[in-house]
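Trainee: Quick one: this structure, given as structure tokens, is what I'll be asking you about.
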4 protein chains.
Amino acid sequence: MARPRSDNKRLAILSAALRTIAAQGPGAATAVIAKAAGVSNGSLFTYFETKATLLNQLYLDLKAEMAAAALGGLPADQGLREQLHFMWVHWLDWATSCPDKRRTLAHLEVSEEITAESRETAHGMMAGVARLLEQSREHGPMRAVPLAFLLALLSVLADTTTDFIIRDPANAEHHREAGFNALWRMIA
Amino acid sequence: MARPRSDNKRLAILSAALRTIAAQGPGAATAVIAKAAGVSNGSLFTYFETKATLLNQLYLDLKAEMAAAALGGLPADQGLREQLHFMWVHWLDWATSCPDKRRTLAHLEVSEEITAESRETAHGMMAGVARLLEQSREHGPMRAVPLAFLLALLSVLADTTTDFIIRDPANAEHHREAGFNALWRMIA
Amino acid sequence: MARPRSDNKRLAILSAALRTIAAQGPGAATAVIAKAAGVSNGSLFTYFETKATLLNQLYLDLKAEMAAAALGGLPADQGLREQLHFMWVHWLDWATSCPDKRRTLAHLEVSEEITAESRETAHGMMAGVARLLEQSREHGPMRAVPLAFLLALLSVLADTTTDFIIRDPANAEHHREAGFNALWRMIA
Amino acid sequence: MARPRSDNKRLAILSAALRTIAAQGPGAATAVIAKAAGVSNGSLFTYFETKATLLNQLYLDLKAEMAAAALGGLPADQGLREQLHFMWVHWLDWATSCPDKRRTLAHLEVSEEITAESRETAHGMMAGVARLLEQSREHGPMRAVPLAFLLALLSVLADTTTDFIIRDPANAEHHREAGFNALWRMIA
DNA sequence: GATGAATGAGGCTTCATTCAT
DNA sequence: AATGAATGAAGCCTCATTCAT
């Protein structure tokens with residue numbers, strides 16, 4: 001099977017999967033996703049060999065988008081705290097402004113269908129974040145723990161903070177800063 | 001009087017569900033769970049009206065067990081930091097010593113099948129932890145954030161730390177303390 | 001298995017079956033019937049070897065009761081038309097006053113579970129009605145058709161008339177007489 | 001364009017349902033019907049959303065066919081008695097020549113699965129018969145009873161007569177005329 | 001005998017994937 | 001390549017009947 005031609009269709013499927021999974025979880029039927037994409041039942045399988053393939057791709061796309069949002073435009077000329085704060089703000093902005101993406105990502109993160117390889121790749125996308133973290137903690141109390149540990153902590157902190165912002169958007173900025181300060185106290 | 005409903009069997013089903021879901025996720029077939037419990041296909045449904053019922057029950061049991069582990073034997077006569085540390089240690093001990101329970105709980109936590117009511121009940125089980133947290137942060141930098149936020153942070157910190165201990169058991173104690181110190185820096 | 005002792009229980013089951021089947025059709029679960037009878041699940045099967053046995057017994061009981069209602073107190077000293085009218089009135093009275101019995105009988109009449117033998121036996125219960133019919137049509141236009149045909153016609157006439165009485169009870173007497181007159185015109 | 005939904009297959013399923021239900025009643029398993037239709041288990045559900053849908057469709061089809069048989073080619077230029085007789089003959093011809101259809105229709109008529117709407121629609125198909133009946137009874141003894149009552153009587157008369165023809169086909173014509181004469185005496 | 005738990009064969013329906021058009 | 005019908009393996013749950021207590 002050659003590479004299918006229409007990139008549009010491929011993207012439509014990915015986007016439909018995003019919306020559908022946000023609403024129904026990863027158990028959403030491929031037929032439903034296809035219909036949401038305006039594409040036939042069977043076409044889905046010319047673009048993605050398998051439902052798992054689609055899920056993994058979606059996972060990687062979302063992770064990449066999230067990483068890009070977090071890392072884009074980092075003010076390299078400023079202090080570490082400012083850079084980390086910048087990243088934090090953009091990460092949370094992304095997460096709170098696309099609740100579907102966040103929700104779907106949360107679903108996929110715990111899905112059995114996502115392969116170890118995908119998780120590996122996704123991990124790599126956060127290299128920039130990791131680097132920033134590495135520098136930030138260099139002289140701090142967590143200078144000796146595995147970096148991966150720190151990264152995981154950052155991730156769940158961001159996630160939890162996002163939850164609270166979504167639940168109580170009136171105090172978005174307040175929660176955001178509280179979360180960041182907690183993070184900074186932890187590592188620096 | 002007829003054969004009484006056997007508590008053993010009930011527990012066997014719960015335990016089989018635990019093991020099976022740890023391995024296959026909440027999508028595990030009831031038939032598989034039944035067989036793992038050494039019970040007939042239909043018997044499962046005399047003990048649990050529905051698959052969802054079983055899942056919710058399992059969720060509540062695990063939560064209760066976790067809360068009990070975390071809160072049992074709290075040294076009320078010691079300082080807050082000591083008490084919180086005590087809780088932290090016992091919580092992580094429980095989580096690292098029953099990886100299946102932890103894994104299953106993680107699965108259920110994000111499952112669509114768990115009702116709001118169950119989550120509510122589970123939340124109530126953590127009241128003791130919440131109280132401890134409340135006192136610990138009373139004069140600290142997070143004295144103004146919603147307690148629920150703090151509780152959530154504690155929970156994901158514990159979870160993440162557990163992950164690292166399981167992945168690298170040789171340094172269990174080290175990770176455990178690193179996690180606790182991070183927590184304490186955050187809140188106190 | 002010896003003859004079980006409690007006739008009460010046997011009757012309770014029969015009566016529960018009557019009510020339950022009226023409401024849910026012959027597909028009603030034996031467990032439901034047992035519970036309605038205030039009897040255990042398994043007891044039902046010490047009184048009736050099989051669900052089919054129960055259904056057939058119920059069928060026969062209802063048929064017998066209906067026949068008895070129709071034939072009881074027949075004024076043997078009066079004319080044929082009067083006797084047939086008497087029977088007609090009592091038949092319809094019975095049918096309209098116990099809608100559950102009628103409904104259940106209708107269900108059983110078309111059930112696959114009722115054996116040919118039961119139908120035979122039930123047929124025999126209508127011998128009195130048949131005799132009356134035989135005499136009534138003796139010199140009429142239907143003197144040559146099989147008696148069974150006539151009996152069947154009488155039966156469906158009565159049934160249909162009952163339907164209309166139940167649907168429009170305000171004109172019960174009117175429908176009843178219209179039905180009888182139609183019958184009489186047909187046969188005499 | 002994909003393989004179009006095959007009318008053949010649809011009809012095969014309907015026909016298999018007809019045969020299977022005639023033999024086993026409306027409790028017949030969808031799997032059995034599918035196999036009888038030479039179709040996969042799941043295909044049945046691409047043609048009929050639900051077992052109930054299939055049953056209702058079958059009911060309507062049979063009713064329509066029966067009505068068409070009864071009303072087709074009505075000699076409008078002849079007297080009422082002749083027209084009614086014509087209808088009677090054709091109705092009975094249809095019923096006796098397709099015993100399966102008749103049997104299945106009888107089963108469906110009393111099934112819980114047939115919706116009120118289907119019954120309504122089916123009722124409408126008999127409008128032609130109703131009209132004929134209306135005219136026939138206009139000056140007769142039943143001129144005052146509800147037309148629906150008459151229609152019901154006609155229906156059970158036809159049904160009962162069919163039974164006897166099937167049971168004793170040697171005297172088909174005889175039974176047929178006896179039935180018709182009884183009907184005519186009743187209404188005209 | 002009475003009870004109700006235990007059994008396991010189906011029943012209906014969904015769904016990922018394949019295949020004819 | 002696109003379509004959507006076809007497939008059949010599960011999945012959850014029901015239920016008549018049996019059996020331990």
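Trainee: Among the residues of segment D:111-121, is there at least one that is within 13 Å of chain C (Cβ to nearest Cβ), of a type in the set (A, V, I, L, M, F, W, C) and closer than 26 Å to residue D:18 by Cα?
Mentor: To start, the set of residues in segment D:111-121 that are within 13 Å of chain C (Cβ to nearest Cβ) comprises D:111-114.
Then drop every residue that is not of a type in the set (A, V, I, L, M, F, W, C), which leaves D:114.
Filter again for closer than 26 Å to residue D:18 by Cα, leaving D:114.
The answer is yes; a qualifying residue exists.
Trainee: Quick one: is residue A:104 out of contact with any strand residue (DSSP E or B) (no Cβ under 6 Å at 6 or more places or on another chain), among the β-branched types (Val, Ile, Thr) and away from chain B (no Cβ under 14 Å)? Before you say what the answer is, go through the steps one by one.
Mentor: Values: out of contact with any strand residue (DSSP E or B) (no Cβ under 6 Å at 6 or more places or on another chain): yes; among the β-branched types (Val, Ile, Thr): yes; away from chain B (no Cβ under 14 Å): no.
Against the criterion (out of contact with any strand residue (DSSP E or B) (no Cβ under 6 Å at 6 or more places or on another chain), among the β-branched types (Val, Ile, Thr) and away from chain B (no Cβ under 14 Å)), residue A:104 does not qualify.
Trainee: Of everything in segment A:15-42 that's more than 14 Å from every other protein chain (Cβ to nearest Cβ) and aliphatic (A, V, I, L, M), which residue is farthest from DNA strand F (Cβ to nearest atom)?
Mentor: Going through the qualifying residues, I end up with A:18.
Trainee: Output the number of the condition that residue D:38 fails; it satisfies all remaining conditions of (1) in the same structural domain as residue D:128 (by TED's automatic domain parsing); (2) touching a residue at least 12 places away in the same chain (Cβ under 8 Å).
Mentor: It fails just one condition, (1).
Trainee: Against the conditions (1) away from chain B (no Cβ under 14 Å); (2) within 16 Å of DNA strand F (Cβ to nearest atom); (3) of a type in the set (A, V, I, L, M), where does residue A:69 fall short? Just the number, please.
Mentor: The number of the failed condition is (2).
Trainee: Collect the residues in segment A:43-54 that are within 11 Å of DNA strand F (Cβ to nearest atom) and within 17 Å of residue A:19 (Cβ to Cβ), keeping them in residue-number order.
Mentor: A:44, A:47
Trainee: So is residue C:12 more than 8 Å from DNA strand F (Cβ to nearest atom) and in the same structural domain as residue C:90 (by TED's automatic domain parsing) or not?
Mentor: The answer is no for residue C:12.
Trainee: Suppose we filter segment A:176-188 for residues that are facing chain B (nearest Cβ under 7 Å) and touching a residue at least 40 places away in the same chain (Cβ under 8 Å); how many remain?
Mentor: Taking segment A:176-188 first, the residues facing chain B (nearest Cβ under 7 Å) are A:178, A:181-182, A:185-186.
Restricting the remaining residues to those that are touching a residue at least 40 places away in the same chain (Cβ under 8 Å) gives A:186.
Of the residues in segment A:176-188, 1 are facing chain B (nearest Cβ under 7 Å) and touching a residue at least 40 places away in the same chain (Cβ under 8 Å).
Trainee: Cβ-Cβ distance below 8 Å, separation of 6 or more or different chains: which pairs start in segment C:155-175 with a residue that is among the acidic types (Asp, Glu) and end on one that is assigned to a helix (DSSP H, G or I)?
Mentor: C:159/C:95; C:159/C:106; C:159/D:156; C:163/D:152; C:168/C:175
Trainee: Separate question: Which numbered condition in (1) within 15 Å of DNA strand E (Cβ to nearest atom); (2) in a loop (DSSP other than H, G, I, E, B); (3) touching a Ser or Thr at 6+ places or on another chain (Cβ under 8 Å) is the only one that residue B:9 fails?
Mentor: If we test residue B:9 against (1) within 15 Å of DNA strand E (Cβ to nearest atom); (2) in a loop (DSSP other than H, G, I, E, B); (3) touching a Ser or Thr at 6+ places or on another chain (Cβ under 8 Å), just (2) comes out false.
Trainee: Still on this structure: For segment A:17-31, name all the residues that are modelled with pLDDT of 95 or more, within 13 Å of DNA strand E (Cβ to nearest atom) and either buried (at least 17 other Cβ atoms within 10 Å of the Cβ) or assigned by TED's automatic domain parsing to the domain that holds residue A:104 (or both).
Mentor: Selection gives A:17, A:20, A:21, A:28, A:30.
Trainee: Just checking, does segment D:109-121 include any residue being closer than 28 Å to residue D:186 by Cα and at pLDDT below 95?
Mentor: Within segment D:109-121, one or more residues are closer than 28 Å to residue D:186 by Cα and at pLDDT below 95.
Trainee: Consider residue C:172 carefully, then state whether it is more than 22 Å from residue C:110 (Cα to Cα), of a type outside the set (Lys, Arg) and surrounded by fewer than 20 Cβ atoms within 10 Å (Cβ to Cβ). Give the steps one after another, and end with the answer.
Mentor: On the way: more than 22 Å from residue C:110 (Cα to Cα): yes; of a type outside the set (Lys, Arg): yes; surrounded by fewer than 20 Cβ atoms within 10 Å (Cβ to Cβ): yes.
For residue C:172, the condition - more than 22 Å from residue C:110 (Cα to Cα), of a type outside the set (Lys, Arg) and surrounded by fewer than 20 Cβ atoms within 10 Å (Cβ to Cβ) - is met.
Trainee: So, of the residues in segment D:41-88 that are more than 19 Å from residue D:121 (Cβ to Cβ), hydrophobic (A, V, I, L, M, F, W, C) and surrounded by 13 or more Cβ atoms within 10 Å (Cβ to Cβ), which turns out to be farthest from DNA strand E (Cβ to nearest atom)?
Mentor: Across segment D:41-88, the extreme among qualifying residues is D:80.
Trainee: For segment C:141-154, which residues satisfy the criterion of being more than 8 Å from chain D (Cβ to nearest Cβ) and surrounded by 14 or more Cβ atoms within 10 Å (Cβ to Cβ)?
Mentor: Within segment C:141-154, C:150, C:151, C:154 qualify.
Trainee: With the structure loaded, tell me whether residue C:57 is away from DNA strand F (no atom under 16 Å from the Cβ) and polar (S, T, N, Q) or whether it fails that test.
Mentor: no
Trainee: Taking segment C:136-188 as the region of interest, how many residues are in a helix (DSSP H, G or I) and either more than 16 Å from the chain's Cα centre (by Cα) or farther than 22 Å from residue C:79 by Cα (or both)?
Mentor: Here the count works out to 35.
The values are calculated or read from the model by the stated rules, or taken from the named source; none is laboratory data. All values derive from a computational prediction rather than experimental measurement. Cβ sites come from the backbone with ideal geometry, for glycine too, and all protein chains shown count toward neighbours.
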